[in-house]
Structures are given as C-alpha cells and as structure tokens.
1. Can you tell me, using C-alpha contacts under 8 Å and at least 6 residues apart, the relative contact order of the chain as a whole percent?
2. In whole Hz, what ³J(HN,Hα) sequence does the range 184-196 give by Karplus (6.51, -1.76, 1.60; θ = phi - 60°), x for Gly and Pro?
3. Given a 1.4 angstrom probe, what's the average accessible area per residue across the chain, in square angstrom?
4. Of all the accessible heavy-atom surface of the chain, with the other protein chains kept in place and a 1.4 Å probe, what percent is carbon and sulfur?
5. Could you work out [θ]222 nm for the chain from helices alone, using -39500 (n - 2.57) per DSSP H run of at least four and dividing by all its residues? Round to the nearest 500 deg cm²/dmol.
6. Report the gain in length on full extension from SER172 to TRP234: 0.36 nm times residue separation, minus Cα-Cα distance, nm rounded to one decimal.
7. Suppose we keep just the alpha-carbon trace of the chain; what are its Rg and Dmax in angstrom?
8. Explain nothing, just compute: Karplus ³J(HN,Hα) = 6.51 cos²θ - 1.76 cosθ + 1.60, θ = phi - 60°, for every residue of the range 271-287 in order, whole Hz, x for Gly and Pro.
Amino acid sequence: MRPIHILAMLGICLLWAANIVAIKQAVDVVPPLLAVALRYVVMLPVCLPFMRWQPGPPADGRPPAQMTLVIASGLLLGLSFGLGGVAFAYAVNLSALAIAGQLGVPFSLLLAILFFRERIHWRRTLGIFLSFAGVAILVFDPRIVDERVALLLTVAGAFLWAASTLLIRRLSGVHVLSLMGWQSLVSLPLLLLASLVLEPGALAALPDVPLSAFGWIAYSGLLSSLVGHAGMAWMLQRYPVSTITPLTLPTPLLSIIIATLVYGTPVTPLMILGGLLTLTGVAIIALRTASRASA
C-alpha cells in the first residue's frame, strides 16, 4: 500500500474520530433531532448531482428492489443518528458513548447470522462476547452512572445502524454519494417531524443559534460523513477489504483520546477494562470478517 494512501486512511480516521466533538458541540446548542436533520440538509445539496434512481433487483436477483433497500436503509440510519444525537445531548462522558457505539459491529454480525445464515467460528463468537461484555462493564461503573440512559440510546442507535448496513450489503452498483443523498432525502422528513413534535420551538429558535454550531454541523455532514465515506469507498476500489479494515480500527481509540482531551472527562479503571474488551472484540470481528470477504 502506498504511503500516501496510508496517510489518507489516517486522515479519514481522524475525521471520524473528531466527529464526536462536532456532534456534542452541535447538540449542546441545537436540539439534537433538529441538529441531525440540519446535518442532512448540509449533505443533500452536495449529493444531488450524484443521485440516481436505482431500478431492478439486487445482485442476487431476489426481491426487494434496490430502491426499496435504499429507502429502508435511509430511514433506519436516520433513526439511528437521531437516537445518537439525543444520547450526546444527555451525556457528559463521551468516551463511554464512543465505546458503546462500537456495538454496531457485533450487531451487524448477529443480524447476518440471523437473516443471511452466515456461519461463524469460535474467533468471531469470542469477538461478539468480548464486545458486549465490555459495554456491560461500563453500565456498572459508578463514575458514569448518570450516562446509563445515554448508553442505552447509543446501543439502540448502534443496532439500527447495523440493521441499515444489513440492507446496504444487498445493494450493488450504487454510488456512495447517491446512496447518502437518498438516505438524507428520506431521513429529513422523519427527523423534522420528530423535532416538531418532541422539540417544540426548535425551528423558530434557529435564527438565534450561533454560527459556530452550524459550523460543527457542517463538519459532521460534509467532512466526517461525505469526505470520510467517499474516501473510504475510493480506497476500497483500490485495495482489498482485508487491507483497509485494519487501518480503520484506530478510530474508536482516537475518539476516546479526543473526547478526553477536549472535555477532560475521567477515564476510570472500569472504563479502561470495558473499552479494551469491546475494542478487542470489535477488532477480532472486523479482521476475521475482512479476511473472509477477501477470500
């Protein structure tokens, strides 16, 4: 792998990791559901030129049609990010949320086993166990007892993200920016309606929101999401997934480091133990899955 591409992957990891600060800064000023909706508002104009209707069935030739999968994945993803935004609004210790958010990886594997009859062996089974055990330890940490609601919301969001990726796996030949554009388009009405019902007065208060909050929302939508995922798609077109996947694994660790440095949140022994278990489990699942995909 060329050194410039290794540096590019590190840049993508940093973009994703710093998003933890961008989300928190945004939802501290803008109600979380509206903040997530505005993130999609920022993304949609950039994606519009790439958006195409996706006719026909997926690659395996079985229904549902690809457009159905695109719309369903967008709705699930919108709900996932909505729950994540609410979790960040209520949380203080973002490091705990960064760890819990990694459960999207084992959830994806469990759903693949359930719906695709994917077979796994002892290594990935151990990875699933370690991932959930690590997050379970966080729940019993007295230093982050006030984060339990946010942790549960994060876990629920991770499950919905995993369900969305299960649908995306069945797509073929869909440009990443087209997919993200449709996901933005179908999520926007859902999030705006939820904000109108659950966050009364949020839209009316937008003129009073400082520009810095919109800057953080723009970072989350344009740099972390669009640049990060488009860059990842570009890399996967040039290198095997088994080469790229290990280079993404520093992202959660970088998120924890950034959150700790920016907000000064405590890192307790139980959090370290839970984080190590979860990140080890996720690494096992990711590396073994990438190896199987390449094979």
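1. 39 percent
2. 5, 5, 7, 7, 4, x, 4, 6, 5, 5, 4, 5, 4
3. That works out to 47 Å² per residue.
4. It is 73 percent, rounded to a whole number.
5. After summing the helix terms and dividing by the residues of the chain, the value is -24000 deg cm²/dmol.
6. Going from the current span to full extension adds 20.8 nm.
7. Considering the chain through its Cα atoms, Rg and Dmax are 18.7, 55 Å.
8. 5, 4, 4, x, x, 4, 5, 5, 5, 5, x, 5, 4, 4, 4, 5, 5
The values are calculated or read from the model by the stated rules, or taken from the named source; none is laboratory data. What you see is a predicted model; the values in this text were computed from it and never measured. When the accessible area is computed, the model is the full protein with side chains, heavy atoms only, and any ligands, DNA or RNA have been set aside. Shrake-Rupley method; radii C 1.70, N 1.55, O 1.52, S 1.80 Å.
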